[in-house]
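All remarks here apply to the structure that follows.
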Amino acid sequence: MSFTDLVDSHFHLLSMKNAGIDCAGVLSDLEAGNWGGGIAVCLSDEDCAYTLPLVRGRKNIFCALGCGPWDLDRADRPSPESLVTDLERKLGTGDFAFIGEFGLDAYWQYGTPESQEKLMHLQLELSAALNRPVIIHSRDAGTRTLEILLQHPGVRGIFHCYSYTADAALKLAGRGWYISFAGNITYKKSDAVRSALCALPKECVLMETDSPYLAPVPHRGRPCDPRMVKDTYAASAALRGVDELSWRATVLENFRRLTGEPCQ
Ligand SMILES: [Zn+2]
């Protein structure tokens, strides 16, 4: 199958494996189909131990590590400061091109609102210090997430699984952020997200699966893998009124600009 130039800016390999997906098989399929690459986002030490050996030697796969708000609810109840001290040490290995995902989650209410914000600020400061881009997670907390990001003008990166208004997306794009859209753009209730996708300049849009979650229609309800990003591309190209192959080229160019790979 052809996956030419497709990019998946956000997937979780250990969670995919736990959902019964043959991760090595999927990655080999994508490589054989000439995909553009993607970002494997690690959520824990166990995830790193699984993911790093699996992606080593594969072209155009970048890794990310950060402390999401869920880390505040770990059994040992770590403080934001101790989490970020530990993260900084792990980032020293050079395995991770991105810091993240991290951000705010008012849906699951991990930790306290204050500790979530503290953890977010500390990692934005770390990003500025290390000059490394970030990946932002935000659920039911759009206004506050935007306010905090705008307080850190030197920081750049990806706002993942974008699910807020076009207005907020345009503000972020104006500051050099990349906005990444997942399979939920194919869901019935996602009118606001589709408006955001259509309002943005093409230079700041990325595509993702968030595998194994959020499988796009017609795979909805099944464990998602990065090959399904193809359907999210098809839907978004149609929404933006561009042909699918040129949309693949646009997003790949954005991804290469962000990751520092030369654009062809
Ligand atoms: Zn994620």
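The values are calculated or read from the model by the stated rules, or taken from the named source; none is laboratory data. A quick note: this is a predicted structure, and the numbers were derived from the prediction, not measured. Glycine also receives a Cβ, built like all others from the backbone with ideal geometry; neighbour counts cover every protein chain displayed.
Structural remarks
- Every test in (1) small (G, A, S); (2) part of a helix (DSSP H, G or I); (3) touching a Leu at 6+ places or on another chain (Cβ under 9 Å) is passed by A129 save one, and that test is (3).
- Test: residue in segment 137-146 that is in a helix (DSSP H, G or I) and touching an Asp or Glu at 6+ places or on another chain (Cβ under 7 Å): no
- Selection count, segment 201-237, where residues are among the small types (G, A, S), farther than 26 Å from G174 by Cβ and at pLDDT 95 or above: 2
- On inspection, Y162 fails the criterion of being within 30 Å of V229 (Cα to Cα) and out of contact with any helix residue (DSSP H, G or I) (no Cβ under 9 Å at 6 or more places or on another chain).
- Residue match in segment 50-68 (condition: polar (S, T, N, Q), closer than 23 Å to P226 by Cβ and in contact with a helix residue (DSSP H, G or I) (Cβ under 7 Å, 6 or more places away or on another chain)): yes
- Residues located in segment 238-264, provided they are closer than 30 Å to G20 by Cα and either at pLDDT below 95 or among the β-branched types (V, I, T) (or both): V251, T259
- Unique residue being within 30 Å of S28 (Cβ to Cβ) and in a loop (DSSP other than H, G, I, E, B) when the list is G94, G111: G94
- For segment 83-92, the criterion of being over 26 Å from N254 (Cα atoms), of a type in the set (S, T, Y) and without any contact (Cβ under 8 Å) to a residue 12 or more places away in the chain is satisfied by at least one residue.
- Any hit, segment 241-256, residues being over 17 Å from the mean Cα position of the chain (by Cα), under 19 Å from T165 (Cβ atoms) and surrounded by fewer than 22 Cβ atoms within 10 Å (Cβ to Cβ): no
- Residues of segment 22-42 that are surrounded by fewer than 20 Cβ atoms within 10 Å (Cβ to Cβ) and within 16 Å of the ligand (Cβ to nearest atom): none at all.
- Of the residues making up segment 1-21, those that are more than 16 Å from the ligand (Cβ to nearest atom), touching a helix residue (DSSP H, G or I) at 6+ places or on another chain (Cβ under 9 Å) and modelled with pLDDT of 95 or more are F3, T4, D5, L6.
- Filtered residues of segment 75-90 (kept if surrounded by fewer than 19 Cβ atoms within 10 Å (Cβ to Cβ) and part of a helix (DSSP H, G or I)): E81, S82, T85, D86, E88, R89, K90
- Every residue from segment 59-74 that is out of contact with any Leu (no Cβ under 9 Å at 6 or more places or on another chain), more than 13 Å from the ligand (Cβ to nearest atom) and either part of a strand (DSSP E or B) or under 26 Å from F255 (Cβ atoms) (or both): K59, N60, F62
- Of all the residues in segment 3-58, those that are acidic (D, E), touching a residue at least 12 places away in the same chain (Cβ under 8 Å) and outside any helix (DSSP H, G or I) number 2.
- In segment 201-237, residue nearest to the ligand (Cβ to nearest atom) [restricted to those that are among the small types (G, A, S) and touching a residue at least 24 places away in the same chain (Cβ under 8 Å)]: S211
- Consider segment 142-198 and keep the residues that are surrounded by fewer than 17 Cβ atoms within 10 Å (Cβ to Cβ) and among the hydroxyl-bearing types (S, T, Y). The one that is farthest from the ligand (Cβ to nearest atom) is S195.
- Residue list for segment 108-129, restricted to those being in contact with a strand residue (DSSP E or B) (Cβ under 9 Å, 6 or more places away or on another chain), free of Cβ contacts under 8 Å to residues at least 40 places away in the same chain and more than 16 Å from the ligand (Cβ to nearest atom): P113, E117, L124, S127
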